[in-house]
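Asks: Take this structure, written in structure tokens, and hold onto it; I'll ask about it next.
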Amino acid sequence: EVGITVGDFAAALQGERSALKLRASGPPIKVAFDGSYSMRPTVKVVGSVSADAPSLRRAMIWAGQKPLAGGGFGLFSLKAQTNVVGGTIALTGVNLELDGNVAEGVLTFATDGRQTLQGTLASDSIDLSPYLSTIRLMADREREWNRAPIALDGLTTVDLDLRISAAKLAVAGTKAGRTAVGLNLRDGNLTLTIGESQAFGGVIRGSLALSRLQNGASLKSQLQFSNVD
């Protein structure tokens, strides 16, 4: 179901600024926008936007996008102020909820050329367990490493440059305190830079790099652990 309300239809036909309300609702996702738009000298959209979906992964597939590899990307909601100019979508005052994780910050999505998502998000608590649920380092009932290749196909559709901070972090039963990381994904190669993570009675710093290979992937790590004085 889609509902559209245009404040000044004559101005809209001429590409001039006009108020715009949009409501779209269906099983994959619900989206609402309240603001204004114009098409001269370029497309410009300003206003508040909200969206929610029972499964972001299914919504991405419905929209023709390939979701990121791994698990997670279930229950999703977003509220923000948006400013669209040309092929760039800027979101400020972002309130984002994904798989029970809640974060606030700013995001920018560029659609000119290769799709790129940039932003800064802060959260009181983040649980990364859902996104690692499909990764098995060892095969079931065996003591050897699981030799099945790591699939990175879902990492090639978009580039990421995100800064994420959290007061608490949980990963598959392991808990950490204040954590700040940078996530960079380009051409299917993923780099996680750990600026600081308070864990195991000390502070972890360093990086993890996951690179694409012809028949799988390679993982390189440079981590440093220091005790808290």
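The values are calculated or read from the model by the stated rules, or taken from the named source; none is laboratory data. All values derive from a computational prediction rather than experimental measurement. Neighbour counts are summed over all protein chains in view; Cβ atoms, including those assigned to glycine, are modelled from backbone coordinates with ideal geometry. Ligands, DNA and RNA are stripped out before the accessible areas are found, and what is left, the full protein with its side chains, is counted by its heavy atoms. Shrake-Rupley method; radii C 1.70, N 1.55, O 1.52, S 1.80 Å.
Asks: Restricting attention to region 53-82, which residues are part of a strand (DSSP E or B), open to solvent by 70 Å² or more (accessible area, probe 1.4 Å) and within 25 Å of Val171 (Cα to Cα)?
Replies: None - no residue of region 53-82 is part of a strand (DSSP E or B), open to solvent by 70 Å² or more (accessible area, probe 1.4 Å) and within 25 Å of Val171 (Cα to Cα), so the list stays empty.
Asks: Only residues that are open to solvent by 60 Å² or more (accessible area, probe 1.4 Å) and farther than 26 Å from Ser211 by Cα: list them for region 96-121, please.
Replies: Glu97, Val102, Glu104, Val106 - these are the residues of region 96-121 that are open to solvent by 60 Å² or more (accessible area, probe 1.4 Å) and farther than 26 Å from Ser211 by Cα.
Asks: Could you grab the pairs with beta carbons closer than 9 Å, sequence gap of 6+ or different chains, first residue in region 1-30 and of a type in the set (Phe, Trp, Tyr), second one not in a loop (DSSP other than H, G, I, E, B)?
Replies: Pairs found: Phe9/Ser18.
Asks: Spot the failing condition for Thr92; the list is (1) open to solvent by less than 30 Å² (accessible area, probe 1.4 Å); (2) over 18 Å from Ser25 (Cα atoms), and only one is missed.
Replies: Against the list (1) open to solvent by less than 30 Å² (accessible area, probe 1.4 Å); (2) over 18 Å from Ser25 (Cα atoms), Thr92 comes up short only on (1).
Asks: On to the next question. Check off (1) open to solvent by 70 Å² or more (accessible area, probe 1.4 Å); (2) at pLDDT 80 or above; (3) over 12 Å from Thr179 (Cβ atoms) for Arg212 and give me the number that stays unchecked.
Replies: Going through (1) open to solvent by 70 Å² or more (accessible area, probe 1.4 Å); (2) at pLDDT 80 or above; (3) over 12 Å from Thr179 (Cβ atoms) one by one, Arg212 breaks only (2).
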